[in-house]
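Encoded as structure tokens, here's the structure I'll be asking about.
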Amino acid sequence: MTETLKIKNLHVAVGGKPILTGVTMTIRRGEVHALMGPNGSGKSTLAGVIMGHPNYEVTEGTIELNGKDILEWDATERARAGIFMAFQRPMAIPGVKMADFLRHATTNVRKPDRKEGEQLIPMREFRKELRDKMTQLRMDEEFARRYVNDGFSGGEMKRAEILQMAMLRPKFAILDETDSGLDVDAVKLASQSIAEIGGADMGILIITHHDRLLEHNTPDFTHVMLGGRIVETGGVDLARELYTEGYDKVRQRHPEDAAVEKEMAAEKKFVSGVA
Amino acid sequence: MSTAIASTGFSQEAFDVFLAARDEPAWLVDMRRAAWRRFQELPMPSVRDEEWMRTDIRLFKFDRFGLPDLSSPASSHYVGSPLLSAGVNLGGHAVTLDGQTIAAELSTKWTEQGVVYGSLDALVKEYGERLRPYFERRVVDPFKDKFSALHAATWCGGTLLYVPKKVRVDEPLHALSALSSSGVDLGKTLVILDEGAEATMLSETASTSADGGGLHCGSIELIVEQGARLRYVNLQNWGHEVWHFAHQKAHVGREGRLQWTIGALGSRLAKVNQHVALTGPDAEVQVNGVMFTEGRQHLSYNTHQHHEAPYCKSDLLYKAALQDRSRTVWRGMIKVDRDAQRTDAYQRNDNLMLSRDARADSIPGLEIEADDVRCTHGSTSGRVDDQQLFYAMTRGYTRREAVRMIVAGFFQQVFDRITIESVRDALGEAIGRRVSDIKEFATP
Ligand SMILES: Nc1ncnc2c1ncn2[C@@H]1O[C@H](COP(=O)(O)OP(=O)(O)O)[C@@H](O)[C@H]1O
Ligand SMILES: [Mg+2]
């Protein structure tokens, strides 16, 4: 039986304000899904809520992993169950070396029942694997000794996210604008690496505005989000239309959702104006 | 375990008995008597004094403690389990218990080169005239407050390190001061590095029981002469009921280097004045501080970076993590004299609040009389960041593991400045133990 991540009629609010208003999507292991949509339409919110971010309140709908409702699980449990997210804006953890961070993370994810204080993956074994993965991603060895995302350039952070995915070997991965901040060659490499890491093994949700990341990861499905809803789902052609022509046509086809989008943007301005 | 405390407290009678039992050079006795008079004259510090405003010691009573009874020498074979010396090749070590030296050793390799290390009480009798000028420098002002005066009058169980000109001691010297329950420690540490000398000293304190009370009223004086290099570490790890009053000061001469690292984990209440004076041109000082508090501990630090000469550099970084209802106070002052042009001075204090009920006060200050200087300061106080926590949790960390990791990382930034590997490890270990005790973490 193929493993699935199933999102059904998901409604999400932040601080009482509705952001997602009925998102439905099923990702099977081995599939590539592209999620596109203008800024502010709710893509990162969907990613965060799948990952279990505590600030997002699910007001309706379900998220199921292989038929199990995971809404009550915290991010730790979801990670250990094989869900991964590459952050649009990764967090720095000063004073904690990338290698140490990852050794701990890798152990926890591979041994989901590990209790705190129990043994980590043997150092030698881990080092070797990390070194191999870094070579594959053409990352300097020095990277492992640097503090997690501390003082990293935008591109370095994104590569570090891919490295983490490579080490954690998730069943389902969400890549939130992993191509932003990378130059052309780096995106190519990232695209290739994601394909190599994922292969037929992973269910991938790629959030992007461009085509490069999709080059080696041809989407089986393309979803367009507008104003907190998925307004269209198509194949690779839809993705192509969106990154060549932008979102105007989509807005024309879905005037009501475009209106919601406008409203959300206006509210956001208002909120940030107050703050 | 010997407690060896005269029941008479810090009375005139007890002081006279104490002096009579010590048989010290006349100049030292005079110094002690002058300080004793001052101790008696000075009032208890009050919350009306700016320096004590945030540190309430109304529950501290001198008459609960007293001078050690020197007629019954501490006979203990206390060894303890020092943190800083584990796995280190030591050049020498010294142990005091309740203000009396119970062990002192220096390898012949160093005695042959004229290095002196051990009990200050014994050595001041042997080398009185040579040590006198250093005492008379009054690096720590004996008249500063009631505690400095009491200490200057009654110090005992002291430790001396003297390194002659150009001698480089490349094996660390270790000192452990131990306190039995409700004991009194009046230890004075005097370190003198003559011109061009080098040394590393690791000193730490410990209580024989973790919840043991007691009093430490002590001083540290570090004299780093021209071109000398000193790395000094002191780890305050008393039991959680100990009152800790300390005056600590360094003089760093021309082209001298001092790296001074303090760790503070213990005591019920600590009031520490940690001063560095850069007395000759091109002197450089680095001060590192690591504090980890819990329960109702209160640690108060007054730091002072005094630039008396031009072209000097001082760099201070204090980091504290606070749990439960504990509290830290840091008041930092950079003072630059008129002649201290081209001063480069920095002070920073970061606090990580691990509970809602903890409190950290951070009060940086600058007093600058020279006009061509670079002086900067900064301070931050915050909780463990929610976004950091979420990030780590998405990598399979439990919330608690994530908190511990973030706290360890917070301190790592100080450890990175510590060039002595064993110290870095030992402090890391001591902090690590505390970190692994973090039980709960208040969700904001
Ligand atoms: N933590 C938050 N607090 C308040 N508003 C938020 C928060 N996260 C997202 N939003 C709002 O939700 C909407 C969708 O944002 P986001 O999911 O980041 O969009 P996208 O990733 O598609 O650009 C925006 O209007 C944004 O302002
Ligand atoms: Mg986004």
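The values are calculated or read from the model by the stated rules, or taken from the named source; none is laboratory data. Just so we're clear, the structure is a prediction, and the values are computed from it rather than from any experiment. FYI the Cβ positions are ideal-geometry reconstructions off the backbone, even for glycines, and counts take in every protein chain you see.
Residues that are buried (at least 17 other Cβ atoms within 10 Å of the Cβ) and not aliphatic (A, V, I, L, M): does the range B:416-424 have at least one?
yes
Do we have B:ARG325 as more than 22 Å from A:GLY117 (Cβ to Cβ), over 24 Å from the mean Cα position of the chain (by Cα), among the basic types (Lys, Arg) and assigned to a loop (DSSP other than H, G, I, E, B) here?
Against the criterion (more than 22 Å from A:GLY117 (Cβ to Cβ), over 24 Å from the mean Cα position of the chain (by Cα), among the basic types (Lys, Arg) and assigned to a loop (DSSP other than H, G, I, E, B)), B:ARG325 does not qualify.
Same structure, new question: If only one of B:GLY157, B:GLY118 is in a loop (DSSP other than H, G, I, E, B), crowded, with 22+ Cβ neighbours inside 10 Å and touching a strand residue (DSSP E or B) at 6+ places or on another chain (Cβ under 6 Å), which one is it?
B:GLY157
This table checks each residue for (1) closer than 24 Å to B:VAL140 by Cβ; (2) modelled with pLDDT of 95 or more; (3) in contact with a strand residue (DSSP E or B) (Cβ under 6 Å, 6 or more places away or on another chain).
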{"site": "B:PRO281", "(1), (2), (3)": "yes, yes, no"}
{"site": "B:THR343", "(1), (2), (3)": "yes, yes, yes"}
{"site": "B:ASP357", "(1), (2), (3)": "no, no, no"}
{"site": "B:ALA370", "(1), (2), (3)": "no, yes, yes"}
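If we keep just the residues of the range B:1-34 that are part of a loop (DSSP other than H, G, I, E, B) and farther than 17 Å from B:LEU186 by Cα, which is modelled with the highest pLDDT? Please lay out each step first, then the result.
Pass one, the range B:1-34, residues part of a loop (DSSP other than H, G, I, E, B): B:1-4, B:6-11, B:23-25.
Narrowing the set further to residues that are farther than 17 Å from B:LEU186 by Cα leaves B:1, B:23, B:25.
Working: B:MET1: 38, B:ASP23: 92, B:PRO25: 96.
This residue is B:PRO25.
Just a yes or no: is a residue in the range A:108-127 in contact with a Phe, Trp or Tyr (Cβ under 9 Å, 6 or more places away or on another chain), at pLDDT 95 or above, surrounded by 14 or more Cβ atoms within 10 Å (Cβ to Cβ) and within 12 Å of another protein chain (Cβ to nearest Cβ)? Please lay out each step first, then the result.
Taking the range A:108-127 first, the residues in contact with a Phe, Trp or Tyr (Cβ under 9 Å, 6 or more places away or on another chain) are A:108-109, A:120.
Cutting the leftovers down to at pLDDT 95 or above gives us A:108-109.
Those left that are additionally surrounded by 14 or more Cβ atoms within 10 Å (Cβ to Cβ): A:108-109.
From what is left, the residues that are within 12 Å of another protein chain (Cβ to nearest Cβ) are A:108-109.
Scanning the range A:108-127 turns up at least one residue that is in contact with a Phe, Trp or Tyr (Cβ under 9 Å, 6 or more places away or on another chain), at pLDDT 95 or above, surrounded by 14 or more Cβ atoms within 10 Å (Cβ to Cβ) and within 12 Å of another protein chain (Cβ to nearest Cβ).
Please tell me if A:ALA105 is assigned to a helix (DSSP H, G or I) and more than 11 Å from ligand 1 (Cβ to nearest atom).
Answer is yes for this residue.
Is there a residue being closer than 22 Å to B:PHE18 by Cα, over 22 Å from the mean Cα position of the chain (by Cα) and modelled with pLDDT under 95 anywhere in the range B:157-170?
Kept after step one, since they are closer than 22 Å to B:PHE18 by Cα, are these residues of the range B:157-170: B:157-160.
From what is left, the residues that are over 22 Å from the mean Cα position of the chain (by Cα) are none.
No, the range B:157-170 contains no residue that is closer than 22 Å to B:PHE18 by Cα, over 22 Å from the mean Cα position of the chain (by Cα) and modelled with pLDDT under 95.
Just the residues that are in contact with a Ser or Thr (Cβ under 6 Å, 6 or more places away or on another chain), closer than 23 Å to B:GLY114 by Cα and β-branched (Val, Ile, Thr), please, taken from the range B:129-182.
The answer is B:THR159, and nothing else.
Let me ask something additional. Condition first: away from ligand 1 (no atom under 13 Å from the Cβ), out of contact with any Pro (no Cβ under 9 Å at 6 or more places or on another chain) and in a loop (DSSP other than H, G, I, E, B). Now tell me which residues in the range A:65-87 satisfy that. Before you say what the answer is, go through the steps one by one.
Of all residues in the range A:65-87, those away from ligand 1 (no atom under 13 Å from the Cβ) come to A:65-84, A:86.
Filter again for out of contact with any Pro (no Cβ under 9 Å at 6 or more places or on another chain), leaving A:65-73, A:76, A:78, A:86.
The answer is A:ASN66, A:GLY67, A:ILE70, A:LEU71, A:GLU72, A:TRP73.
Looking at the range B:338-347 only, could you name the residues that are buried (at least 20 other Cβ atoms within 10 Å of the Cβ) and in a strand (DSSP E or B)?
Within the range B:338-347, B:ALA345, B:GLN347 qualify.
Take the residues in the range A:56-105 that are within 16 Å of ligand 2 (Cβ to nearest atom) and within 25 Å of B:GLY409 (Cα to Cα), then tell me which one is farthest from the other protein chains (Cβ to nearest Cβ).
A:GLN88
Residues in the range A:160-213 that are buried (at least 18 other Cβ atoms within 10 Å of the Cβ), within 16 Å of ligand 2 (Cβ to nearest atom), touching a residue at least 60 places away in the same chain (Cβ under 8 Å) and more than 14 Å from chain B (Cβ to nearest Cβ): how many?
6
Of a type in the set (D, E, K, R) and touching a residue at least 24 places away in the same chain (Cβ under 8 Å), is that true of A:LYS17?
It is true that A:LYS17 is of a type in the set (D, E, K, R) and touching a residue at least 24 places away in the same chain (Cβ under 8 Å).
Can you tell me which residue in the range A:217-229 is nearest to the other protein chains (Cβ to nearest Cβ), limited to those that are crowded, with 17+ Cβ neighbours inside 10 Å and away from ligand 1 (no atom under 16 Å from the Cβ)? Don't jump to the end; show me each part of the working.
Going residue by residue through the range A:217-229, those that are crowded, with 17+ Cβ neighbours inside 10 Å are A:217, A:219, A:221-229.
Right, trim to away from ligand 1 (no atom under 16 Å from the Cβ) and you get A:217, A:219, A:221.
Values: A:ASN217: 21, A:PRO219: 24, A:PHE221: 24 Å.
Only one residue fits best here, namely A:ASN217.
Of the conditions (1) touching a helix residue (DSSP H, G or I) at 6+ places or on another chain (Cβ under 6 Å); (2) modelled with pLDDT of 85 or more; (3) crowded, with 18+ Cβ neighbours inside 10 Å, B:LEU70 clears all except one; give me its number.
Of the numbered conditions (1) touching a helix residue (DSSP H, G or I) at 6+ places or on another chain (Cβ under 6 Å); (2) modelled with pLDDT of 85 or more; (3) crowded, with 18+ Cβ neighbours inside 10 Å, the odd one out for B:LEU70 is (2).
Inside the range A:24-55, can you point out the residues that are within 14 Å of another protein chain (Cβ to nearest Cβ) and away from ligand 2 (no atom under 11 Å from the Cβ)?
Once the filter is applied, which keeps residues that are within 14 Å of another protein chain (Cβ to nearest Cβ) and away from ligand 2 (no atom under 11 Å from the Cβ), the range A:24-55 yields A:VAL49, A:ILE50, A:MET51, A:GLY52, A:HIS53, A:PRO54, A:ASN55.
Starting from the range A:54-75, keep only residues that are hydroxyl-bearing (Ser, Thr, Tyr), then list their pairs with residues that are assigned to a loop (DSSP other than H, G, I, E, B) whose Cβ atoms are within a distance under 9 Å, requiring at least 6 positions of separation or different chains.
As it stands, the answer is A:THR62/A:ILE70; A:THR62/A:LEU71, since those pairs meet every condition given.
Go through the range B:215-245 and give me each residue that's within 24 Å of B:PHE292 (Cα to Cα), of a type outside the set (Val, Ile, Thr) and either in contact (Cβ under 8 Å) with a residue 60 or more places away in the chain or not in a strand (DSSP E or B) (or both).
Once the filter is applied, which keeps residues that are within 24 Å of B:PHE292 (Cα to Cα), of a type outside the set (Val, Ile, Thr) and either in contact (Cβ under 8 Å) with a residue 60 or more places away in the chain or not in a strand (DSSP E or B) (or both), the range B:215-245 yields B:LEU215, B:CYS217, B:GLY218, B:SER219, B:ARG231, B:LEU235, B:ASN237, B:TRP238, B:GLY239, B:HIS240, B:TRP243, B:PHE245.
May I ask you to list the residues in the range B:6-61 that are closer than 23 Å to B:THR303 by Cα, surrounded by fewer than 16 Cβ atoms within 10 Å (Cβ to Cβ) and polar (S, T, N, Q)?
B:SER46, the sole residue that qualifies.
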